[in-house]
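S.K.: The structure's right below; bear with me while I get my questions together.
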Amino acid sequence: MKAAATGQLLLVLMVCSLHAVTCTTTPGDLADRLSLLEFKKAISLDPQQALASWNDSTHFCSWEGFPDLPLGLKQLDLGSNNLSGTIPFSLANITTLKGLGFNFNNIEGNFPHEFAKFLEIQILIASGNHLLEGHVPTSLGNLSVGLQTLLLGNNQLSGGFPSGIANLHNLMWLVLSGNQFTGEVPEWLGTLNSLQNSFGGSIPITIGNISGLQVLNLSHNNLTGSIPMSLSNLRYLKQLDLSFNNISGEVPLKGIFSNVTAVRIDGNPGLCGGPLELHQLACHVTPINSSKQRRHSIVQKVVIPLSSILLVAIVITVMLVWRGKQKRNILSLPSYGSKFPKVSYNDLARATCGFSASNLIGKGRYSSVYKGELFQGRTLVAIKVFRLETGGAQQSFIAECNALRKLRHRNLVPIVTACSSIDSSGNDFKALVYEFMAQGDLHELLHSTKCDGNTSTQIHVTMAQRLSIAVDVADALEYLHHGNQGTIVHCDLKPSNILLDDNMTEHVGDFGLARFKVDSAAASSTHSISTSAAIMGPECATGGAVSSAGDVYSFGIVLLELFLRRMPTDEMFDGGMNITKFVEMNFPDMIPHIIDPQLLEEQQDLSQETSFAMKEKSLECLLSVLNIGLLCTKTSPNERICMQEVAARLHETKKAYPREN
C-alpha cells in the first residue's frame, strides 16, 4: 500500500515539473533515446541547462529529471525553459506520448505535420513560442481521438483556422488566440460538442450545437453580423461576453439573454432591442413628421443657445468655487461613456441611509465601502467612497477608473457606474459603484467562524469549491496579464480583494493600485504598494519594479492559504520561515498533515466503495495545486510560471478531481 501511494505521489510530481519525462526500459527504448537526442541537437540555446544531462553515455532513464516509473515514455514537458531552436521531425517517432509540452520557449519553424503520428496524445501544449510559424497542417486531425487539450496560442501561425481540428470530437480545451489566422470562424466549430472555450471571428449559427458550452467570451474582436438566435438554445451557458465588436441587429430575448447579469454586449453600437435592463435602443423608430421637424428647428435656434449660455454660467461658477478650495489640481474622472447610468451624491447618500455606520461593510487605505440600494431599491450595490483627504486617494480613484473602463471579464467585480460630484458640504466627492457580492470575500470565507449552539466553527469549504475559486482567480489574472487590453498588473491581490457572489463564483476587485504595461518591460514604481510583505513578491517588498510576476507570486500565496487555511502572517511564520518554505519542507509526503483538516474529513465521509480510488485521485489533485503554488512563489521572478500556464494547469486539475455520484 505504501509503495503504491509513493508511486502516485511521484506521478503527480512528474506531471507538474518543468521538464519531466516518465520512462523505463522497453523494446522501443533505443528509438526513443535517439529521438530525444535528435531533439537536443535541434536546440541551439539552452540557457537554463534543462538538457545538460541528455547524452549518449547513459540510458535516458538516468538523465536528470527522468523519474524511473514502469509506465513507458508517456510525458514530456519542457515548458518555460527559454529553449531556442527547431522541432525535429524525429520527435514524432515517440508514438507512445500522451502529453507533450514545449510552451513558452523560443521554438521556431513550421508546425511539424509529422505530429499526426501521436496516436495516443491527450495533451499538446505549444503556446507562447512566438517564432512558431506557418500553416497548421490538416493532418493535425489524425491525432488521437482522445486529444482533449490543444494550446497553440501566441505564435505566428497563419492561414485559415486549421480544418483538421474538426475531426477531434473529444477536444475540450482549444486555444488559437494570438496568431495570424484569417477568415471567419468555420461552421465546423459547432460539431465539437465537448468544447468549453471559443474564440474570435464572426459567429457561426452552428455554435448553438455545442450543447455543453458554459462560458463563451468573444469580446474585443472584429465580429460582424447579428447575434445567432441559436445562442438562446444553449441551456448550460452561464456567461456570454460579446462586448466591443461590430455586431448589429436585434438582441434575442430568451435563454441566456433573459439573465442580463450574465450577458455583456456593450461596445456594439449597432445592436438594438433585447431585455429592457440592457438599455438598448428600440429596433424600430417611428419617422419624425414635418411638424416635429419644425419644432425641432425652433429648439435648435432658440432653446439650445439659451441653454448653452446658462451652462457656461454654471460652469464658471463651479470653477470659481473649486478654485477657492483647491490647493492643487484635482484629477478628473475618466470618461466611461453613456453606457453607465448617471448617479449623484444625493442618490448615493439615499442609497446608504446617509452613509450610515450600519451600511458600512469594509474599509481600506483610501476608501470605505457601503452597502446600498439604487434605482428605486431594485439593485443591491457596493459603493466605494474615496477619502480624498488621504494622500494618494485621488490617484487610487483614477487608477481604478482607468483599469475598469478597459476590463470585461466574468471573474472581475462588475462596475455599475461612477460618481464624481460635490457632497452636501461643497467638498469634492468621488465614488465607484459595484455589483454587490453577497457571499463576502475569500478572507471572511476562510477565517471567520459561525456560531452553532455554544460552539463556533469555521465555515465548511469543500475541495471542489476551493478548486473552483482557484480556477476563477487564475482566469481573472490571465485575462489581466494576457488579454487584448494590454497587460494590467493588479498589484494588490489578496483574499480580501477576492469577492464571491451567490453562486460562489469568484470576482477579483480593488484596482486602486493597478498598473498598465504597454510592453514586456516592468513598470516603474512611483508610490508605495500597500500589500502585505508576506503576500507580495520579494522584489516588490524591496522596492523593485512592478511586474506581472509580482501578481503571480501573490496568487501563489493565496493558493497555498486557500488549501492550508493558514494566513501568510500566521505567528508560526517567523524567524525565516514563511508559508512557501513550510509547504516545500512538507512536500509531498507530509502534505496531508498540514492541509486544512476539513479536506481530510471530506475524504473520510466518502462511501466505502469509492473512497480508496477517490482518495488517491483527490490527493493527486491536491499535490498538483500545491505544486502550482510553489512554482508561482519562486524567489526569482524569472523562475515563476506565467498566469496562462497557471490557468491551464488548474483547469486540468479541476477536471481530473473526482466527484462521488
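S.K.: Past 24 Å, Cα to Cα, is the threshold; run LYS98/LYS655; LYS40/LYS581; LYS74/LYS117; LYS450/LYS617; LYS384/LYS494; LYS406/LYS655 against it and keep the listed order.
M.R.: Over 24 Å apart, Cα to Cα: LYS40/LYS581; LYS450/LYS617; LYS406/LYS655.
S.K.: With each label point set 7 Å from Cα along the Cα-Cβ vector, what nm distance links ARG365 and SER425?
M.R.: Computed distance between label sites ARG365 and SER425 equals 2.4 nm.
S.K.: Moving on to the next point. Using a Förster distance of 51 angstrom, determine the FRET efficiency expected from the C-beta separation of HIS460 and ILE314, and round it to 0.05.
M.R.: Efficiency, rounded to the nearest 0.05: 0.35.
S.K.: Using the number of other C-beta atoms within 10 angstrom as an exposure proxy, rank HIS279, HIS443 with the fewest first.
M.R.: Ascending Cβ contact count within 10 Å gives the list HIS279, HIS443.
S.K.: OK, next. How much FRET efficiency would the formula 1/(1 + (r/R0)^6) give for ASN233 and LEU119, where r is the Cβ-Cβ distance and R0 is 45 Å, rounded to 0.05?
M.R.: E(calc), rounded to 0.05, equals 0.80.
S.K.: Counting other C-beta atoms within 10 Å, which of ARG365, ARG408 has the fewest, and how do the rest follow?
M.R.: Sorted ascending by nearby Cβ count, the order is ARG365, ARG408.
S.K.: Let a ≥ b ≥ c be the square roots of the eigenvalues of the Cα gyration tensor of region 78-123; is it rounded (a/c under 1.5), or, if not, prolate (a/b larger than b/c) or oblate?
M.R.: Because a/c hits 1.5 or more and a/b fails to exceed b/c, region 78-123 counts as oblate.
S.K.: Mind sorting GLU478, GLU639 by how few other Cβ atoms lie within 10 Å of their own Cβ, fewest first?
M.R.: Least crowded to most crowded, the residues run GLU639, GLU478.
S.K.: Counting pairwise Cα distances across region 345-435, what percent come out greater than 22 angstrom?
M.R.: 23 percent
S.K.: Quote to one decimal, in nm, the extra length available between ALA52 and GLU602 on full extension: 0.36 nm per residue of separation minus the C-alpha distance between them.
M.R.: Additional length available on full extension: 193.6 nm.
Bear in mind these aren't lab numbers, they're just calculated from the coordinates by the rules spelled out. Nothing here was measured: the structure is a model prediction, and the numbers come from that model. Every residue, glycine as well, gets a Cβ built from its backbone with ideal geometry; the counts of neighbours run over all protein chains shown.
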